[in-house]
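Step one of this worksheet: look at the structure below.
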Amino acid sequence: AQSVTQPDIHITVSEGASLELRCNYSYGATPYLFWYVQSPGQGLQLLLKYFSGDTLVQGIKGFEAEFKRSQSSFNLRKPSVHWSDAAEYFCAVEKLTGGGNKLTFGTGTQLKVEL
Amino acid sequence: DVKVTQSSRYLVKRTGEKVFLECVQDMDHENMFWYRQDPGLGLRLIYFSYDVKMKEKGDIPEGYSVSREKKERFSLILESASTNQTSMYLCASSPGGESSPLHFGNGTRLTVT
């Protein structure tokens, strides 16, 4: 069965500093991978996704992620964090079932930004 | 923009009550999903549906059922609510197919007392 591990429960960075959120996946075939963000009191919003091709993918709000098959990782990065980036971030892997796509999520990383 | 609307933002119910959580999407999406979100556990899939009147169990279906009579509406039913079902419930939809992203509602926070 597919699974996703986000080893960091909480991360605190200073505004303007760089950010890397870790994600490791377990999946038998080529994975489809996603990062979502959840602001307080909101649903989840898609940041970016990887499904083939270039292993460095660009997303919204200045985020990017790199797929590394050898390390089974899909880490999320941002060069300079803004206070508005404080939120919870979820990595997910997609499994295709007979009836449709099904996402398995990690447990999330809570990002705090210090001014 | 896709809009996924969950009918209630907060609900408080008593143990043993039958509870309905409603979700409506306005983009003619094929797939709809119910997740529950708990601190430290992330999002766990309860049920999903890839067509009207079709449903599949997710990872934690026990104690829940679903109904999809119309394409735009997906209901989650707690037949007899229990305190361990106190949680945030998130509905999502997607057009279907490979790597199609999920669009989420804002969630319903259910408290069972």
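The values are calculated or read from the model by the stated rules, or taken from the named source; none is laboratory data. Just so it is clear, the structure is predicted and the values come from calculations on it, not from any experiment. All Cβ positions, even for glycine, are placed from backbone atoms using ideal geometry, and neighbour counts span all protein chains on display.
Points worth noting:
- Restricting segment B:52-84 to residues that are in contact with a Gly (Cβ under 9 Å, 6 or more places away or on another chain) and touching a residue at least 60 places away in the same chain (Cβ under 8 Å), the residue that is nearest to the other protein chains (Cβ to nearest Cβ) is B:L78.
- Screening A:F51, A:F34 for residues that are within 11 Å of chain B (Cβ to nearest Cβ), under 26 Å from B:R109 (Cβ atoms) and touching a strand residue (DSSP E or B) at 6+ places or on another chain (Cβ under 8 Å) leaves exactly one candidate, A:F34.
- For segment A:65-115, filtered to residues that are in a strand (DSSP E or B) and over 14 Å from the mean Cα position of the chain (by Cα), the residue that is modelled with the lowest pLDDT is A:L96.
- Segment B:103-113, subset surrounded by 15 or more Cβ atoms within 10 Å (Cβ to Cβ) and more than 10 Å from chain A (Cβ to nearest Cβ), residue farthest from B:I46 (Cα to Cα): B:V112
- Number of positions in segment B:85-102 that are hydroxyl-bearing (S, T, Y) and either away from chain A (no Cβ under 13 Å) or out of contact with any Ser or Thr (no Cβ under 6 Å at 6 or more places or on another chain) (or both): 4
- Filtering segment A:34-51 to residues that are modelled with pLDDT of 90 or more and either surrounded by fewer than 19 Cβ atoms within 10 Å (Cβ to Cβ) or not charged (D, E, K, R) (or both) leaves A:F34, A:W35, A:Y36, A:V37, A:Q38, A:S39, A:L44, A:Q45, A:L46, A:L47, A:L48, A:Y50.
- The numbered conditions (1) within 11 Å of another protein chain (Cβ to nearest Cβ); (2) small (G, A, S); (3) under 19 Å from A:K102 (Cα atoms) are all true for B:G40 except (3).
- Answer residue from segment A:9-33, given it is in a strand (DSSP E or B) and at pLDDT below 95 and is farthest from A:L76 (Cα to Cα) among those: A:S26
- Among the residues of segment B:3-21, those identified as exposed (fewer than 15 other Cβ atoms within 10 Å of the Cβ), assigned to a strand (DSSP E or B) and touching a residue at least 60 places away in the same chain (Cβ under 8 Å) are B:T5, B:Y10, B:V12.
- Of the residues making up segment B:76-89, those that are small (G, A, S) and either in a helix (DSSP H, G or I) or closer than 13 Å to B:F20 by Cα (or both) are B:S80, B:A81.
- Among the residues of segment B:41-58, the ones that are under 26 Å from A:T5 (Cα atoms) and surrounded by fewer than 15 Cβ atoms within 10 Å (Cβ to Cβ) come to 2 in all.
- One residue from A:V93, A:V57 being buried (at least 17 other Cβ atoms within 10 Å of the Cβ), more than 21 Å from B:D59 (Cβ to Cβ) and among the β-branched types (V, I, T): A:V57
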